[in-house]
1. May I ask you to list pairs of residues, at least six apart or on different chains, whose Cβ atoms are under 8 Å apart, with the first in the range 26-42 being touching a residue at least 12 places away in the same chain (Cβ under 8 Å) and under 18 Å from ARG57 (Cβ atoms) and the second being of a type in the set (D, E, K, R) and surrounded by fewer than 16 Cβ atoms within 10 Å (Cβ to Cβ)?
2. Looking at the structure I just gave you, is GLU55 acidic (Asp, Glu), under 23 Å from ALA106 (Cβ atoms) and surrounded by fewer than 19 Cβ atoms within 10 Å (Cβ to Cβ)?
3. Output the qualifying pairs, or none if there are none: Cβ atoms under 8 angstrom, residues six or more apart or on different chains, first residue in the range 105-126 and more than 15 Å from GLY84 (Cα to Cα), second residue modelled with pLDDT under 70.
4. Which number in (1) at pLDDT 90 or above; (2) of a type outside the set (Phe, Trp, Tyr); (3) surrounded by 12 or more Cβ atoms within 10 Å (Cβ to Cβ) marks the one condition that LEU8 misses?
5. When the residues of the range 78-120 are narrowed to those that are of a type in the set (S, T, N, Q) and assigned to a helix (DSSP H, G or I), which ends up farthest from the chain's Cα centre (by Cα)?
6. Among what's in the range 11-45 and is modelled with pLDDT of 90 or more and not in a helix (DSSP H, G or I), pick the residue that is farthest from ASP72 (Cα to Cα).
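The values are calculated or read from the model by the stated rules, or taken from the named source; none is laboratory data. Quantities reported herein were computed from a predicted structural model and do not represent experimental measurements. Don't worry about glycine lacking a Cβ; one is built from the backbone with ideal geometry, like all the others, and counts go over all protein chains shown.
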Amino acid sequence: MVRGVVRLPGAARGHRGYQAAICEVGEMLTDRLGLLGSVRTMFAHMTERWDGTGEPRGLSGAEISLALHVVDVAIDAAFQRLLGGTGHADRVIRQWAAHAFDPAIATLSADNAEELPALGRTTRRR
């Protein structure tokens, strides 16, 4: 589900067909829903990584959708926060900066971790 830090176990992790299928299904669904442009591109890049070791195209850095860079850090930071708290999330996000994550976005997230909303709580006013 999360491509940055959380990884699939065993054979699925190294299976290129699985990674490509995730992107292909995402692109197909966005096409059928009429969600073109940046939304489609984000799905096409779902399993790419900042350092170019992702799949299916091996894109890196700015070749990957900026929106996806933000989403990746946000999802993994939230997940890591659930696993071990804010300090744990901060360490993990920093560790993966320039590997799975855009280093500027990862640093921004980690530097401001205490200011981010706690899980299960919203800052939206109703």
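1. The qualifying pairs are ARG40/ASP31.
2. Values: acidic (Asp, Glu): yes; under 23 Å from ALA106 (Cβ atoms): yes; surrounded by fewer than 19 Cβ atoms within 10 Å (Cβ to Cβ): no.
For GLU55, the condition - acidic (Asp, Glu), under 23 Å from ALA106 (Cβ atoms) and surrounded by fewer than 19 Cβ atoms within 10 Å (Cβ to Cβ) - is not met.
3. Close Cβ pairs satisfying both conditions: PRO117/THR123.
4. Condition (1) is where LEU8 drops out.
5. So in the range 78-120, the residues of a type in the set (S, T, N, Q) come out as 80, 86, 95, 107, 109, 112.
Within this subset, residues satisfying the condition of being assigned to a helix (DSSP H, G or I) are 80, 86, 95, 107, 109.
Numbers: GLN80: 12, THR86: 18, GLN95: 14, THR107: 14, SER109: 13 Å.
Applying the filter and picking the extreme gives THR86.
6. So the residue we want is GLY34.
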